[in-house]
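Asks: Attaching a single structure in structure tokens format; questions to follow.
Nothing in this text is a laboratory measurement; each read-out follows from the coordinates by a stated rule. Remember, it's a predicted structure, so these values are computed and weren't measured experimentally. Neighbour counts are summed over all protein chains in view; Cβ atoms, including those assigned to glycine, are modelled from backbone coordinates with ideal geometry.
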Amino acid sequence: ARTRVCAGARIEGPALFGEDCLVGNLALIRGPVRAGDRVRIGFAAEVKNALLSDRVSIGPQCFVADSRLDSEAYLGAQVRTSNHRLDGRAVEVDWQGERLSSGRDKLGCWIGEAAALGIQVVVLPGRIVAPGSLFGPRITIEKNLPAGRYRLAQSIEAF
């Protein structure tokens, strides 16, 4: 009910959307995808094989694949969830201090409740983003980190 699919968006099912959702212009949804209520998917974003809880916001030109996003997760523009390793090996997951093979060649990430990722953040395969975390622009999330606020340190000098 009251879910809107904007011009040029394409949905290749199966896909199930809750109430009051928005799929932006030129977005591509490749099932299976399940989205809760009040999910927002921005312009030209691609979502593939994903579980999106209530009130998830995915910004323009994002790529979300083989991943889970818990309620109120926020992805700024051009966020990428990587879902396979360059060496072709099975994706590994760090869980409670152990490195476990998923047995899968494609596995994205798990973004916890109310986590916020700034523009152009990249999440490597098999990573878990702690609930309530905030990542500033252009960070590559290479390992699981405790809940917190993270930013890139930057140094600019004149020449």
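Asks: What FRET efficiency would be calculated for the residue pair A114, F159, taking the C-beta separation as r and a Förster radius of 30 Å, to the nearest 0.05?
Replies: Details: r = 41 Å, r/R0 = 1.38.
Result of the calculation: an efficiency of 0.15.
Asks: In a shell of Cβ-Cβ distance under 15 Å around G132, excluding G132 itself, what net charge do Lys and Arg (+1) and Asp and Glu (-1) give?
Replies: Values: positive: R55, R149; negative: D70, E72, E113.
Its environment carries a net charge of -1.
Asks: If you don't mind, another one. Is segment 12-57 rounded, prolate or oblate when judged by the Cα gyration tensor, a ≥ b ≥ c being the square roots of its eigenvalues, rounded requiring a/c under 1.5 and prolate requiring a/b larger than b/c? The partial results should precede the final answer.
Replies: Numbers: a/c = 1.74, a/b = 1.08, b/c = 1.60.
Cα axes put segment 12-57 in the oblate bin.
Asks: Quick query: amide H of A15 versus all other amide H atoms, modeled in the peptide plane; which residues come in under 5 Å with a sequence gap of 5 or more or a different chain?
Replies: Excluding prolines and chain starts, which carry no amide H, the hits are V33.
Asks: Calculate how many DSSP beta bridges within the chain are antiparallel, expressed in % of all such bridges and rounded to the nearest 5. Walk me through the numbers before you get to the answer.
Replies: Values: 4 of 45 bridges.
Of all bridge pairs located within the chain, approximately 10 percent are antiparallel.
Asks: Between C6 and N49, 0.36 nm times their residue separation minus their Cα-Cα distance comes to what? Show your work: numbers first, answer last.
Replies: Working: separation 43, 0.36 × 43 = 15.48 nm, distance 2.05 nm.
Between C6 and N49, full extension yields 13.4 nm more.
Asks: Near Q96, within a Cβ-to-Cβ distance under 15 Å, what is the net charge of the other residues, with Lys and Arg +1 and Asp and Glu -1? Display every interim value, and only then the final one.
Replies: On the way: positive: R99, R127, K143; negative: E92, D94, E98.
Value of the local net charge: 0.
Asks: Please report the relative contact order for segment 1-130, taking Cα pairs under 8 Å with a sequence separation of at least 6, and give it as a percent rounded to a whole number. Mind showing how you got there, number by number?
Replies: Details: 426 pairs, mean separation 21.9, N = 130.
About 17 percent, as a whole number.
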